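A short worksheet on the structure shown next.
The values are calculated or read from the model by the stated rules, or taken from the named source; none is laboratory data. The shown structure was predicted, so the numbers you read here are calculated from the model rather than taken from an experiment. In this analysis, Cβ positions are derived from the backbone assuming ideal geometry, glycine residues included, and neighbour counts consider all displayed protein chains.
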Amino acid sequence: MDRVKLQFNSDNTVATVALNRPEKHNGVDWLMLKEVRKVQQQLAKNKTLRAVILKGEGPSFCAGLDVKSVMSNPKTAVVMYANLWLPVRNIFQTWSMGWRDLGVPVIAQIHGNCFGAGIQYALGADIRVCTPDSQLSILEAKWGLVPDMGGAALVRELLPVDIAKELTMTGRVLSGLQAKEFGLVTHVAENTDEKVQALVQEILTRSPDSVAASKFMLQRIFGIDEGAHLTQERRWQRRVLGFKNQRLSVAKNSGNGKAVQFASRKIKAG
């Protein structure tokens with residue numbers, strides 16, 4: 001696989017899944033989406049698996065959706081939009097939600113930039129460990145979008161609604177330390193390798209049945225009506241994607257330096 005590296009420890013109990021597009025800060029394109037899904041499906045069939053570590057090669061964990069790559073390809077853009085009309089979890093939402101289907105702990109090891117699709121990917125993990133100088137953001141507002149890759153459904157488990165609204169509306173970039181204060185990450189460590197390995201080794205001392213049951217039980221308790229939340233992600237993204245203000249947002253942040261004047265608001269409740 002080009003976009004994802006999958007490695008196992010010596011006894012095949014711990015898998016490390018590394019996004020592998022370092023020259024783009026692991027910006028997410030269509031191929032990466034598909035390869036992550038394949039890895040999730042492969043790991044779901046692995047009966048010896050006890051833990052998964054999510055990482056990013058190069059300077060960043062994941063800098064988010066490669067908007068230029070995805071939106072400039074007409075075929076990909078059409079597929080992306082069509083996915084928003086599916087009545088079930090789509091491939092963009094599986095990007096994060098697929099990690100919740102595995103009956104093992106999934107730990108995200110974050111460094112560098114963790115923006116947009118990147119933070120949604122990390123939210124799909126059970127535990128998040130980041131460096132103090134990591135940069136994290138629910139960045140979709142920058143592009144005139146809403147977080148619709150599982151992030152909105154997942155962040156409700158971690159943040160009060162007012163904080164979730166503020167961070168989503170502003171797209172504010174947080175340091176690792178600030179993210180810990182808000183509750184977006186579980187641990188902050190200078191040496192994330194050490195911290196993650198210590199967590200994995202501690203969990204490996206417990207019954208794998210107990211670990212799996214605990215994971216699924218707590219997800220069901222905190223994630224009541226998960227499908228309805230994912231439906232809302234798809235619904236509200238349909239109402240902004242491709243319309244004038246979203247196109248202006250892309251133009252504003254595409255590096256051409258042009259000032260833009262947003263059109264009047266069209267979105268209404270209901």
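Every test in (1) closer than 20 Å to CYS62 by Cβ; (2) at pLDDT below 95 is passed by ARG220 save one, and that test is (1). When SER96 is tested against (1) assigned to a strand (DSSP E or B); (2) under 29 Å from VAL78 (Cα atoms); (3) polar (S, T, N, Q), just one condition goes unmet, and that condition is (1). Looking at the stretch 164-181, can you tell me whether even one residue there is touching a residue at least 12 places away in the same chain (Cβ under 8 Å), touching a helix residue (DSSP H, G or I) at 6+ places or on another chain (Cβ under 6 Å) and farther than 24 Å from PHE243 by Cβ? Scanning the stretch 164-181, I find no residue that is touching a residue at least 12 places away in the same chain (Cβ under 8 Å), touching a helix residue (DSSP H, G or I) at 6+ places or on another chain (Cβ under 6 Å) and farther than 24 Å from PHE243 by Cβ, so the answer is no. In this structure, is LEU33 in contact with a Phe, Trp or Tyr (Cβ under 7 Å, 6 or more places away or on another chain), under 28 Å from LEU218 (Cα atoms) and part of a helix (DSSP H, G or I)? Yes; evaluated as a whole, the condition is true for this residue. Applying the set (1) in a helix (DSSP H, G or I); (2) within 27 Å of SER175 (Cα to Cα) to VAL78 leaves exactly one unmet item: (2). Within the stretch 210-225, at least one residue is of a type in the set (Ser, Thr, Tyr), out of contact with any Phe, Trp or Tyr (no Cβ under 6 Å at 6 or more places or on another chain) and exposed (fewer than 14 other Cβ atoms within 10 Å of the Cβ). Scanning the stretch 1-30 for residues that are without any contact (Cβ under 8 Å) to a residue 40 or more places away in the chain and surrounded by fewer than 16 Cβ atoms within 10 Å (Cβ to Cβ) returns MET1, ASP2, GLN7, PHE8, ASN9, SER10, ASP11, ASN12, PRO22, GLU23.
Counting only helices (runs of 4 or more DSSP H) wholly contained in the stretch 194-270, the ones carrying 3 or more residues that are closer than 20 Å to GLY150 by Cβ occupy 208-222, 226-238. Selection within the stretch 189-208: residues that are surrounded by 14 or more Cβ atoms within 10 Å (Cβ to Cβ) and of a type in the set (S, T, N, Q). The member of this set that is farthest from VAL106 (Cα to Cα) is THR192.
Name the residue that is modelled with the lowest pLDDT, counting only residues in the stretch 109-144 that are of a type in the set (A, V, I, L, M) and in contact with a Gly (Cβ under 8 Å, 6 or more places away or on another chain). Show your work before the answer.
Here is the first cut: in the stretch 109-144, the residues of a type in the set (A, V, I, L, M) are 110, 117, 119, 122-123, 125, 127, 129, 136, 138-139, 141.
Now narrow it down to the ones that are in contact with a Gly (Cβ under 8 Å, 6 or more places away or on another chain): 110, 117, 119, 123, 136, 138-139, 141.
Details: ILE110: 98, ALA117: 97, ILE119: 98, LEU123: 98, LEU136: 98, ILE138: 97, LEU139: 95, ALA141: 92.
Among those that are of a type in the set (A, V, I, L, M) and in contact with a Gly (Cβ under 8 Å, 6 or more places away or on another chain), it is ALA141.
From the list LEU167, LEU145, LEU177, the lone residue that is more than 11 Å from the chain's Cα centre (by Cα), crowded, with 19+ Cβ neighbours inside 10 Å and assigned to a helix (DSSP H, G or I) is LEU167.
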